[in-house]
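Before I ask anything, let me first share the structure, which is written out below as C-alpha cells.
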Amino acid sequence: MTLELISLKENFTISQVLERIHNLANPSEIISYLYVTDAERHLTGIDMVAGVSLHPSLGKVKYWRNYDP
C-alpha cells in the first residue's frame with residue numbers, strides 16, 4: 001500500500017509528529033508533505049517533512065506550519 005499523505009493535528013508536538021510518521025510510513029516510501037488539521041479536521045497548514053527537524057524548539061505543530069488558508 002502506498003501512503004498518499006500524513007495528516008497531523010495542530011496540537012501535536014514534534015515527538016508526536018515523528019512517531020506518527022514512523023508508524024504510518026513504510027521505510028521504502030518517501031513522504032514529502034505533512035498536512036495539518038484543526039479539531040474539526042479542516043486544513044490549517046502544510047509543511048515539508050524536512051521542516052520538522054528545523055522547528056524542534058517551537059513545540060506544537062500550529063506554531064510552525066507554513067500555510068494558513
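Since every read-out is calculated from the coordinates, none of them should be taken as a lab result. The structure presented is a predicted model; accordingly, all values stated were derived computationally and were not measured.
Quick one: length gained pulling Leu5 to Ser28 fully straight, 0.36 nm per residue minus the C-alpha distance?
Difference between extended and current length: 6.8 nm.
Residue by residue through region 26-42, what is 3J(HN,Hα) from phi via Karplus (6.51 cos²θ - 1.76 cosθ + 1.60, θ = phi - 60°)? Round to whole Hz and write x for glycine and proline.
Values, residue by residue: 7, x, 7, 9, 10, 9, 9, 10, 10, 10, 9, 10, 8, 4, 8, 6, 8 Hz.
Something else now. For Ile46, which sequence-distant residues (separation of 5 or more, or a different chain) have an amide H within less than 5 Å of its own amide H, given hydrogens modelled in the peptide plane?
Sorted by chain and number, the residues that satisfy this are Val36, Asn66, Tyr67.
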